[in-house]
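Rule-based calculations on the coordinates, nothing more; no lab input. None of the values given here were measured: they were computed from a predicted structure. Glycine also receives a Cβ, built like all others from the backbone with ideal geometry; neighbour counts cover every protein chain displayed.
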Amino acid sequence: MTAAESTITTDERGVQLERIFNASPALVWQAWTEAEHFARWYGPEGFTVPTCEFDFRVGGEYTLVMRSPDGWEMRNYGVFKEIVPLERFVATMSADMHGETTLTVALEDLGDGRTRLTMRQDGWPDPQMAEGAGGGWSQALEKLARELTKSG
């Protein structure tokens, strides 16, 4: 897998993505856990995040609003359940159009300034929703790669 590739797998109720970034785990962690950084890359291509609030601690809540190019908005919200700094976090994720899912993000230091990100989102009501989420996440991770290039 090169830095520009993501692998996506879906199953009955979940989606998993893996991607290698040419950035340190600290930089990738910051991009995921600090609202001002997260808002720069989250969402599919063309989407923006006009509202992004994080209380990044176990039990802390977050809220974000994702806006499509035509102005349609979707609110996402959840609670941080587990945090292992620079390695892993688990959060619930709910949205206006689906129930609660569980998001797990894990980072692995590959050395040479590279990081493997493994992200899993479980609890989708059906496989089609998981597959759609995988497509959106893949686009978001591409945006993240571009953002990390600017930050690095």
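For the chain, the relative contact order comes to 30 percent (Cα pairs under 8 Å, sequence separation of at least 6). Counted by Cβ distance under 12 Å from LYS81, the other residues give a net charge of -1, where Lys and Arg count +1 and Asp and Glu count -1.
Computed over neighbours whose Cβ is under 12 Å from that of TRP124, the net charge equals -4, Lys and Arg +1, Asp and Glu -1. Note on the range 25-95: Cα-Cα pairs beyond 18 Å make up 37% of the total pair count. Summed over qualifying helices (DSSP H, 4 residues or more, each -39500 (n - 2.57)) and divided by its residue number, the chain shows a 222 nm mean residue ellipticity of -8500 deg cm²/dmol. Set the Cα radius of gyration of the range 110-152 against 2.2 N^0.38 Å, with N its number of residues, and you get 1.46. When DSSP beta bridges are restricted to pairs lying wholly in the chain, around 100% turn out antiparallel. The Cα center of the range 93-140 and the Cα center of the range 55-71 differ in position by 15 Å. Computed from point charges on the beta carbon alone (+1 for Lys and Arg, -1 for Asp and Glu), the dipole magnitude for the chain about its Cα centre is near 320 Debye.
The overall shape of the range 15-151 is rounded: from the C-alpha gyration tensor, with semi-axes ordered a ≥ b ≥ c, the ratio a/c is less than 1.5.
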